[in-house]
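K.L.:
This is the structure I have questions about; it appears just below.
The values are calculated or read from the model by the stated rules, or taken from the named source; none is laboratory data. Just so it is clear, the model here is predicted, and its values are computed rather than measured. All Cβ positions, even for glycine, are placed from backbone atoms using ideal geometry, and neighbour counts span all protein chains on display.
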Amino acid sequence: MLKTKGKGVTLRRGDKGFDAAVQGTSFNARDSGRRPDIVVQANDTGDVIAAVNQAREHGLKVTMCSGGHSWAQNHIRDGGLLIDMSRVRSIEVNSVKQTATIGPGCHSGDLNAELAKQGLFFPVAHAYTVGMGGFLLQGGFGWNSRVMGLGCENLLGIDVVLANGSLVHASASENADIFWAARGAGPGFFGVVVRYHLKLHARPKFIGLKLQVFRQKHLEDVFSWADRIGPQVSPKVEFQMVFNHRCMGTFSDGIEVYAPVLADSWKEAREAVDFINKSPVRSKASFTFPLVPLSLDFMMKSGEKTLFWPGVRWYADNMWLDGPIDPLLPALRRIADTQPPHPSHVLWLNWNPPPQREDMAFSVETRTYLALYTAVRKQSDEAKYANWATENMRALSEHSHGIQLADENLALRLAKFMSATNLARLDKIRTQRDPQGLFHAWMGRPDQAPANPTAS
Ligand SMILES: Cc1cc2nc3c(=O)[nH]c(=O)nc-3n(C[C@H](O)[C@H](O)[C@H](O)COP(=O)(O)OP(=O)(O)OC[C@H]3O[C@@H](n4cnc5c(N)ncnc54)[C@H](O)[C@@H]3O)c2cc1C
């Protein structure tokens, strides 16, 4: 788990504590076997500038991490220098201007807790310990993002250390090329962000959850209904379904239908989740829980406790879907029937994005999102389950419109994560800002020939 206590140090391969320092950066307990030459646990911007200069002068490639929640452990590469930003996690809120400045190592839950005290809100990630550093760069599907926009759309600016060691501010009016890239490049960003400047919102007055649970045998009926009703569901509701071996209430295989709602009043929230009470599949549900007010803090922590366990080896993969549900049903059935043991799970999310977003690197999204999360708890299960997510996504690739970098798996399966136009524009900016290629980019990209000929 994250070693964020105490002052950061610099460690080299072979030093006592080196392995723990590298593996300790990652939420995922998987050991890829990859190791950098040097890890720098940065305490401040000065440490970052010194580390970038050192890497450039010694010909070392650089990666960086903040909260360490990259499923693919993108920041852990062979050789080079890893800058661990997890200790840089300050939060400064200006409640009058409704802005905040945070360090990249700041956890989503800590930011939310600080803002809740002041009646303010930011669309942070859904699990408490997700680092804001990586979350904001890859887009950021946050709480209430269907209303307030992606996390990165609520960025006012960033302070970033570039390959030449300079510290620059980037915003819509200053170094706009860097700002454009920072909103969606994710692991392909070419600099170390040391501060994020955020636009805040008034906190929704009602936050709560409605939940319904179905036995797995109803999968086809439930998915057909969800797919049909999805576009009509209020953006204030994060309508999603989770296949789970230990469903709430039944403690067995099934489908949890979640409707978290963030609204301006109890009445508005009740109306927004009423589609569940009126659904034609309602009578098949094992349970329908009433709408209950819950703190976001509670939902973030309990989601992480039930589904996103630390200390296990995770493999994730995902895709955006846009077509009719019927051709997908046999594959969804197969996925549900072969799902590895708890806390492995499958997420189906009703996304339905707005027709237009700001011009930024983030550019791939569709109506629905499907993500598979495999948790391998025993070493002996590794061979059995490690490819489950990748293989099932590969089997569905003809229906896919690309992937979300949040749950990327590019080292194992190449897929489109940005429009071709935006990828070309990003490449051009990177060449200008990081001409020597100091910073690593994604572990795979869509225009790369797959190492494995079946990769898609
Ligand atoms: C349990 C869990 C729940 C999640 N929930 C959500 C969710 O609700 N919504 C969502 O959109 N995503 C979610 N994700 C995905 C998550 O947002 C991404 O993996 C994100 O990259 C994590 O950020 P991090 O700082 O914790 O990760 P890290 O592993 O530290 O960073 C990921 C990558 O971002 C880049 N990066 C990180 N920090 C910096 C920096 N300071 N400067 C430059 N580049 C940097 C690096 O390339 C790094 O490899 C979740 C992931 C997990 C494991």
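K.L.:
Whether any residue in the stretch 113-121 is surrounded by fewer than 17 Cβ atoms within 10 Å (Cβ to Cβ) and without any contact (Cβ under 8 Å) to a residue 12 or more places away in the chain is what I want to check.
P.N.:
Yes, the stretch 113-121 has at least one match.
K.L.:
Of all residues in the stretch 171-199 being surrounded by fewer than 22 Cβ atoms within 10 Å (Cβ to Cβ) and aliphatic (A, V, I, L, M), which is nearest to residue 111 (Cα to Cα)?
P.N.:
Of everything passing the filter in the stretch 171-199, 172 is nearest to residue 111 (Cα to Cα).
K.L.:
Look at residue 365 and say whether it is in contact (Cβ under 8 Å) with a residue 12 or more places away in the chain, in contact with a Pro (Cβ under 8 Å, 6 or more places away or on another chain), not assigned by TED's automatic domain parsing to the domain that holds residue 144 and not small (Gly, Ala, Ser). Let's see the steps before the verdict.
P.N.:
Numbers: in contact (Cβ under 8 Å) with a residue 12 or more places away in the chain: yes; in contact with a Pro (Cβ under 8 Å, 6 or more places away or on another chain): yes; not assigned by TED's automatic domain parsing to the domain that holds residue 144: yes; not small (Gly, Ala, Ser): yes.
Taking the combined requirement at face value, the residue satisfies it.
K.L.:
Identify, by number, the condition in (1) of a type outside the set (Ser, Thr, Tyr); (2) in contact with an Asp or Glu (Cβ under 9 Å, 6 or more places away or on another chain); (3) buried (at least 22 other Cβ atoms within 10 Å of the Cβ); (4) over 17 Å from residue 131 (Cα atoms) that residue 168 doesn't meet.
P.N.:
So the condition that residue 168 fails would be (3).
K.L.:
Looking at 134, 142, which one is in contact with a Pro (Cβ under 6 Å, 6 or more places away or on another chain) and within 14 Å of the ligand (Cβ to nearest atom)?
P.N.:
One residue alone meets the criteria, 142.
K.L.:
Whether any residue in the stretch 431-450 is basic (Lys, Arg), surrounded by 16 or more Cβ atoms within 10 Å (Cβ to Cβ) and farther than 21 Å from residue 75 by Cβ is what I want to check. Please lay out each step first, then the result.
P.N.:
Here is the first cut: in the stretch 431-450, the residues basic (Lys, Arg) are 433, 445.
Narrowing further to those that are surrounded by 16 or more Cβ atoms within 10 Å (Cβ to Cβ): 433, 445.
From what is left, the residues that are farther than 21 Å from residue 75 by Cβ are none.
No - not one qualifying residue is present in the stretch 431-450.
K.L.:
How many residues does the stretch 154-175 hold that are assigned to a strand (DSSP E or B) and closer than 16 Å to residue 189 by Cα?
P.N.:
So the count comes out to 11.
K.L.:
Has the stretch 93-100 got at least one residue that is farther than 12 Å from residue 200 by Cβ and among the small types (Gly, Ala, Ser)?
P.N.:
No: the stretch 93-100 contains no residue that is farther than 12 Å from residue 200 by Cβ and among the small types (Gly, Ala, Ser).
K.L.:
Mind checking which residues of the stretch 263-299 are surrounded by fewer than 18 Cβ atoms within 10 Å (Cβ to Cβ) and touching a Pro at 6+ places or on another chain (Cβ under 7 Å)?
P.N.:
Of everything in the stretch 263-299, just one residue is surrounded by fewer than 18 Cβ atoms within 10 Å (Cβ to Cβ) and touching a Pro at 6+ places or on another chain (Cβ under 7 Å), namely 264.
K.L.:
Take the residues in the stretch 368-380 that are polar (S, T, N, Q) and in contact (Cβ under 8 Å) with a residue 24 or more places away in the chain; name whichever of them is surrounded by the most Cβ atoms within 10 Å (Cβ to Cβ).
P.N.:
This residue is 374.
K.L.:
Looking only at the stretch 135-158, decide whether some residue is of a type in the set (S, T, N, Q), out of contact with any strand residue (DSSP E or B) (no Cβ under 9 Å at 6 or more places or on another chain) and surrounded by fewer than 24 Cβ atoms within 10 Å (Cβ to Cβ).
P.N.:
Scanning the stretch 135-158, I find at least one residue that is of a type in the set (S, T, N, Q), out of contact with any strand residue (DSSP E or B) (no Cβ under 9 Å at 6 or more places or on another chain) and surrounded by fewer than 24 Cβ atoms within 10 Å (Cβ to Cβ), so the answer is yes.
K.L.:
Specify which of the listed residues (278, 267) is of a type in the set (Lys, Arg), under 21 Å from residue 228 (Cβ atoms) and out of contact with any Ser or Thr (no Cβ under 8 Å at 6 or more places or on another chain).
P.N.:
278
K.L.:
Name the single residue that is farthest from residue 24 (Cα to Cα) among those in the stretch 45-88 being among the acidic types (Asp, Glu) and away from the ligand (no atom under 13 Å from the Cβ).
P.N.:
Checking each candidate, the answer is 57.
K.L.:
Further question on the same structure: Take residue 310 and decide whether it is more than 14 Å from the chain's Cα centre (by Cα), surrounded by fewer than 21 Cβ atoms within 10 Å (Cβ to Cβ) and modelled with pLDDT under 95.
P.N.:
Yes, satisfied.
K.L.:
Pairs needed: first member in the stretch 382-400, touching a residue at least 12 places away in the same chain (Cβ under 8 Å); second member anywhere, surrounded by fewer than 20 Cβ atoms within 10 Å (Cβ to Cβ) and part of a loop (DSSP other than H, G, I, E, B); C-beta distance under 7 Å; at least 6 residues apart or different chains.
P.N.:
Sorted first by the residue in the stretch 382-400, then by its partner, the pairs are 394/454; 394/456; 397/456; 399/323.
K.L.:
Mind counting the residues in the stretch 169-190 that are at positive phi and within 14 Å of the ligand (Cβ to nearest atom)?
P.N.:
Total satisfying the criteria: 2.
K.L.:
What strands (runs of 3 or more DSSP E), lying completely within the stretch 303-395, carry at least 2 residues that are of a type in the set (Phe, Trp, Tyr) and closer than 28 Å to residue 136 by Cα?
P.N.:
Strands (runs of 3 or more DSSP E) meeting the threshold: 313-321, 368-376.
K.L.:
Now, a different point. Is there a residue being assigned to a strand (DSSP E or B) and not assigned by TED's automatic domain parsing to the domain that holds residue 177 anywhere in the stretch 418-430?
P.N.:
Checked against the condition, which is being assigned to a strand (DSSP E or B) and not assigned by TED's automatic domain parsing to the domain that holds residue 177, the stretch 418-430 yields no hits at all.
K.L.:
Of the residues 103, 109, which single one is of a type outside the set (A, V, I, L, M, F, W, C) and out of contact with any strand residue (DSSP E or B) (no Cβ under 9 Å at 6 or more places or on another chain)?
P.N.:
Every option except 109 fails the conditions.
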